[in-house]
Amino acid sequence: MTAETDQATTTLIEVIQGDLSAYRQGNTGVDYVHRFESGKPGPHVLINALTHGNEICGMVAARHLLDTGVRPLVGTLTVSFAHVEAYNAFDVAKPFENRQIVHNLNRIWSDELLDGTEDSPELRRARALRPVVAAADHILDIHSTSQDVVPFWVYPDFARNADVALAIGLPPVHLVMPYGLGSGTPLIQHGRHAAAEAPGAAMVVECGQHFKRATADVATEVTMHFLAHFGLIEREASRVTEPQRRFELLQTLMVKTKDFSFTRPLIGFETFARDELIGTDGTEEIRAPCDECTVFMPTREPIVGREAVYLTRPMA
């Protein structure tokens, strides 16, 4: 069985890949970006979907906002489909292949890259979206995972982000980045959003496995709670939340060689004792830097130059 056949036969696609051409003509001068102003004072909130082409839960949430006519009671709402070119490259026989075309759109948001001379579909799109991102006070960037694990937040270690995640309560797991991502600059840390004195929250929500209906449902629910938190839509009744679990990002490891492998199959949230062997990359050993070392997003298919795994530890 080939890798392509294996992908097609073992991956259940529960959410249909729809045509987004009807959403291309927005009202901002940037394709696939829609902005709605209330005419009343309030924050500017950006809901961003499809930073990666096969992470389709955000597309479902964004379409829900547009198709049901959600409009802000105060402030401004912007809804963006980020990487439609990669989304349109979806192949049901290879559903994990259209994450990106050349660059990872969620690693190139540094001024150095955006102001540089290098070119790719992702850099062109990031440059077009640059004013959209810069204009927002608060950002929710909607993602999903290749493995079927519980949803979780990802955000820089600023109180403004933690306060929002804790107040919303869903999902109850947080991946906190005290020193950045470690493998490039994500959208939520572009420009002023990376600063300690930034105007508001900028966060990723990882909603579950890419192609599950439940993942799209989480994306839509979190989106509505995010908007309600900032007063753009009416608040729903408080929901009972699970205990919150927070993890600190310690290391982001990249795949360096074609001989990368884990010591056992990993999907995420497995724990390792200090110095326990997690994997090898050529002759290099990857060992846990602490007790209760918890892995996030281990790669399902090692590709040289891409992330291998995130190593974390529980936070008090």
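None of the figures in this text is laboratory data; all of them are computed from the coordinates on show. On a predicted model such as this, the values are computed, not experimentally measured, just so you know. Virtual Cβ from ideal backbone geometry, glycine too; neighbours counted across all protein chains shown.
A few notes on this one:
- Gain on full stretching of the segment that runs from THR68 to ILE303 - 0.36 nm per residue minus C-alpha separation: 80.6 nm
- The magnitude of the dipole of segment 67-132, with charges of +1 and -1 set on the Cβ of Lys/Arg and Asp/Glu and taken from the Cα centre, is near 240 debye.
- Principal-axis tilt of helix 121-135 within the chain, Cα atoms, nearest 10 degrees: 50
- Inter-part distance where segment 169-188 and segment 246-268 are each reduced to a Cα centre, Å: 16
- Between the amide H of ALA201 and those of ILE139, distances stay under 5 Å, these residues lying 5 or more places away or on another chain, with hydrogens modeled in the peptide plane.
- Neighbour count of at most 16 Cβ within 10 Å plus DSSP loop: longest chymotrypsin sites (Phe, Trp or Tyr not before Pro)-free window in the chain: 180-316
- Counting only alpha carbon atoms, the long axis of helix 213-229 and the longest principal axis of the chain meet at about 50°.
- Pairs of Cα atoms nearer than 8 Å and 6+ residues apart set the relative contact order; for the chain it is 17 percent.
- Result for the chain in a Gaussian network model with C-alpha springs under 10 Å: among PRO186, PRO41, PRO178, the largest mean-square fluctuation is at PRO41.
- 5 angstrom amide H check on GLY279, placed H, neighbours 5+ away: THR263, ILE286
- Rounded to 10°, Cα long-axis angle of helix 159-168 versus longest principal axis of the chain: 80
- Residue-span extension gain [GLU118 to ALA214] - 0.36 nm each, minus C-alpha spacing: 30.7 nm
- Across segment 250-314, the relative contact order, built from alpha-carbon pairs under 8 Å that are at least six residues apart, equals 41 percent.
- Farthest toward the positive end of the dipole of segment 1-104, out of SER21, THR11, PRO95, is the Cα of SER21, where the dipole comes from beta carbon charges about the Cα centre.
- Built amide H within the under 5 Å cut-off of ARG246, gap 5+: HIS174, MET315
- Measuring between their Cα centroids, segment 84-162 and segment 26-59 lie 13 Å from each other.
- Mean ellipticity per residue at 222 nm, deg cm²/dmol - from DSSP H runs of n ≥ 4 across the chain, formula -39500 (n - 2.57): -6500 deg cm²/dmol
- Charge dipole (debye, nearest 20) of the chain; +1 at Cβ of Lys and Arg, -1 at Cβ of Asp and Glu: 660
- Per DSSP, loop trypsin sites (Lys or Arg not before Pro) in segment 225-290 with at most 14 further Cβ within 10 Å: ARG235, ARG239, LYS256, LYS258, ARG274
- Between THR28 and ALA316, the FRET efficiency estimated from the beta carbon spacing at R0 = 45 angstrom works out to 0.55.
- ASP157/SER38 FRET efficiency (R0 25 Å; Cβ-Cβ; nearest 0.05): 0.20
- Backbone N under 20 Å from the THR11 label point (7 Å along Cα→Cβ), restricted to segment 99-138: 99-107, 122
- Calculated from backbone phi, Karplus (6.51, -1.76, 1.60) coupling profile of segment 145-151 in Hz, x at Gly/Pro: 10, 6, 9, 8, 10, 5, x
- Note on segment 29-81: Cα-Cα pairs beyond 16 Å make up 41% of the total pair count.
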